[in-house]
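Below you'll find the structure, written out as structure tokens, and then a few comments.
The values are calculated or read from the model by the stated rules, or taken from the named source; none is laboratory data. Source: prediction; values computed, not measured. Cβ placement follows ideal geometry from the backbone for every residue including glycine, while neighbour counts extend to all protein chains displayed.
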Amino acid sequence: MHSKIISKVIGLLLMIFSLSLVPPVMISLIYQDGGLTAFLSVMLGILLLGSLMWWPVRNYKQELKVRDGFLVVVLFWTVLGFAGALPLYIETEVPLSLTDAIFESFSGLTTTGATVLSGLDSMPHAILWYRQQLQWMGGLGIIVLAVAVLPILGIGGMQLYRAEMPGPVKDSKIAPRISETAKALWYIYLGLTITCAVAYWMAGMNWFDAFSHSFSTVAIGGFSTHDASIGHFDSIAIEAIAVFFMFLAGINFALHFTAFRNLSGKHYYRDPEFKVYAALLILATTVVVSYLYLQNVYSTWEEAFRYGVFQTVSIATTTGFANADFAAWPSFLPVLLIFMSFIGGSAGSTAGGMKVIRFVLLFKQGLRELKSLLHPNAILPVKLANKTIPEKVMTAVWGFLAVYVFSFAVIMLAVMALGVDQVTAFSAVAAMMNNLGPGLGEVAANFSTMSDPVKWILTFAMLLGRLEIFTLLVLFTAAFWRS
């Protein structure tokens with residue numbers, strides 16, 4: 001391990017994060033409703049800490065190794081999660097315990113969207129903005145933003161990129177240099193955010209709500225500035241905009257880049273993962289809307305379509321917005337939607353879940369096994385878009401599924417051992433590991449009723465899901481720490 005370069009990277013990233021507290025400070029000055037002291041003190045404290053870590057090793061130069069990259073990613077997300085909790089804990093107008101503040105911070109940063117807060121409509125604007133901003137920063141990965149900056153400072157970033165980006169194939173780049181890749185991703189991300197905010201404003205939101213909700217929409221986070229979430233606005237136009245941008249944010253951003261660069265949408269339709277992603281959403285939406293109408297949950301097709309489409313896209317993409325209480329629907333639908341969140345969005349998107357591409361490969365692998373029973377001597381490679389998938393990738397996909405299921409079972413049992421019922425435990429762990437947010441049972445509204453030990457376990461599950469399991473669990477292996 002190269003402790004000096006790791007200290008240098010973490011110090012730089014902390015200093016960068018401290019600058020992100022400037023907008024909440026400005027919001028508190030504009031609205032004069034609290035938060036100024038908390039954000040100023042935390043901003044200066046994090047800036048000082050980052051400086052103390054960076055200054056002694058500022059002239060040290062060393063390329064990050066693969067191990068260093070994994071450690072930096074996990075350390076930074078952990079450190080940032082704790083640091084991000086400080087404004088929420090210090091601000092007296094938001095009475096949160098330390099555990100609740102940490103839970104809320106990690107939920108925002110990992111774009112999970114689970115909350116312990118209520119009474120959002122009357123909270124200081126700076127706190128509301130900060131929660132949304134945390135999700136926006138975590139959406140594409142603050143590490144990717146840093147990768148665009150660190151090469152300028154003499155620190156290579158490919159190891160960080162491989163550790164952070166989601167999906168089974170992490171070495172594909174959309175630009176020759178990793179810094180250019182990160183910049184391209186952020187330009188697309190920023191462009192979608194601004195476009196979404198303008199669309200929300202034109203549909204009737206004020207500028208504060210428009211930008212706040214665009215942050216959590218494009219990040220597929222699900223935080224809102226109102227207790228009733230998107231349902232607060234009771235606007236079909238706003239809900240339609242949310243559905244559109246949630247759908248876009250669940251697509252591989254490399255596809256967005258390619259389509260924008262070539263000014264053509266044909267690349268979407270040629271991508272096998274996109275076709276499955278879109279087909280699954282259409283199929284699930286059809287089932288949900290039909291069931292809502294046929295079971296007389298809503299009296300008209302229009303209402304069934306409005307609420308069914310919104311909640312299906314919101315849950316399936318792991319966003320977690322709400323325009324209705326989906327947990328109160330006939331039990332078949334909430335469970336179906338929770339299962340959809342296990343699939344999530346595309347690799348390379350801001351969505352959570354296990355990713356569509358993995359399920360495509362698992363399905364193809366299952367078909368191959370069936371064929372091999374009939375033709376035991378045949379060589380049957382798994383292909384995607386007429387390209388043979390390396391066995392190494394298939395092994396990794398199976399390994400991911402196995403570790404995911406095992407981790408899910410262990411965490412769920414731990415939560416149940418602390419007194420949580422089966423439905424609540426299952427949905428809560430699913431919501432955390434899939435970075436979804438809302439659950440069923442006791443956590444249908446929020447997570448405030450969970451005990452502190454349960455919240456700590458669920459916080460770990462959020463981080464596990466956000467870093468796609470292996471990035472975090474590799475640190476718990478003896479081989480990782482051998483010199």
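Structure notes:
- Leu475 satisfies every condition listed in (1) more than 25 Å from Phe332 (Cβ to Cβ); (2) part of a loop (DSSP other than H, G, I, E, B) except (2).
- Some residue of the stretch 346-358 being crowded, with 24+ Cβ neighbours inside 10 Å, in contact (Cβ under 8 Å) with a residue 24 or more places away in the chain, more than 25 Å from Trp186 (Cα to Cα) and in contact with a Ser or Thr (Cβ under 6 Å, 6 or more places away or on another chain): no
- Counting only helices (runs of 4 or more DSSP H) that sit completely within the stretch 32-136, those holding 3 or more residues that are surrounded by 23 or more Cβ atoms within 10 Å (Cβ to Cβ) and in contact (Cβ under 8 Å) with a residue 60 or more places away in the chain correspond to 66-90, 98-109.
- Ala461 vs. criteria touching a residue at least 24 places away in the same chain (Cβ under 8 Å), under 21 Å from the mean Cα position of the chain (by Cα) and over 30 Å from Gly69 (Cβ atoms): no
- Matching entry among Met43, Met15, Met53 (being modelled with pLDDT of 90 or more, touching a helix residue (DSSP H, G or I) at 6+ places or on another chain (Cβ under 6 Å) and either within 23 Å of Phe480 (Cβ to Cβ) or charged (D, E, K, R) (or both)): Met53
- Per the conditions (1) of a type outside the set (Gly, Ala, Ser); (2) farther than 21 Å from Ala428 by Cα; (3) in contact (Cβ under 8 Å) with a residue 24 or more places away in the chain; (4) in contact with a helix residue (DSSP H, G or I) (Cβ under 9 Å, 6 or more places away or on another chain), the sole criterion not satisfied by Phe321 is (2).
- Long-range neighbours under 6 Å by Cβ, at least six apart or interchain, first residue within 14 Å of Phe247 (Cβ to Cβ) within the stretch 269-287, second part of a helix (DSSP H, G or I) and among the hydroxyl-bearing types (Ser, Thr, Tyr): Phe274/Tyr268; Ala284/Thr312; Thr285/Thr312
- For beta carbons closer than 7 Å, sequence separation of 6+ or different chains, a first residue in the stretch 363-387 that is of a type in the set (A, V, I, L, M, F, W, C) and a second that is part of a loop (DSSP other than H, G, I, E, B) and surrounded by 12 or more Cβ atoms within 10 Å (Cβ to Cβ), the qualifying pairs are Val382/Ile389.
- Residue tally, condition without any contact (Cβ under 8 Å) to a residue 40 or more places away in the chain, surrounded by fewer than 17 Cβ atoms within 10 Å (Cβ to Cβ) and under 21 Å from the mean Cα position of the chain (by Cα), over the stretch 211-239: 0
- If only residues of the stretch 394-420 that are touching a residue at least 60 places away in the same chain (Cβ under 8 Å) and surrounded by 16 or more Cβ atoms within 10 Å (Cβ to Cβ) are counted, the one that is farthest from Lys364 (Cα to Cα) is Ser407.
- Some residue of the stretch 251-271 being crowded, with 21+ Cβ neighbours inside 10 Å, in contact with a Gly (Cβ under 8 Å, 6 or more places away or on another chain) and not in a helix (DSSP H, G or I): yes
- Per the listing Thr317, Thr350, the residue uniquely within 22 Å of Ile230 (Cα to Cα), at pLDDT below 90 and of a type outside the set (Lys, Arg) is Thr350.
- Within the stretch 421-454, the set of residues being assigned to a loop (DSSP other than H, G, I, E, B) and surrounded by fewer than 24 Cβ atoms within 10 Å (Cβ to Cβ) comprises Asp421, Leu440, Ala444, Ala445, Asn446, Ser448, Thr449, Ser451.
- A search for C-beta distances below 7 Å between a residue of the stretch 14-25 that is in contact (Cβ under 8 Å) with a residue 40 or more places away in the chain and any residue that is hydroxyl-bearing (Ser, Thr, Tyr), counting only pairs 6+ apart in sequence or on different chains, returns Pro24/Tyr130.
- Filtered residue count, the stretch 18-31, keeping only those that are touching a helix residue (DSSP H, G or I) at 6+ places or on another chain (Cβ under 6 Å) and not in a helix (DSSP H, G or I): 1
- When the stretch 184-210 is filtered for residues that are modelled with pLDDT of 95 or more, β-branched (Val, Ile, Thr) and surrounded by 17 or more Cβ atoms within 10 Å (Cβ to Cβ), only Thr193 remains.
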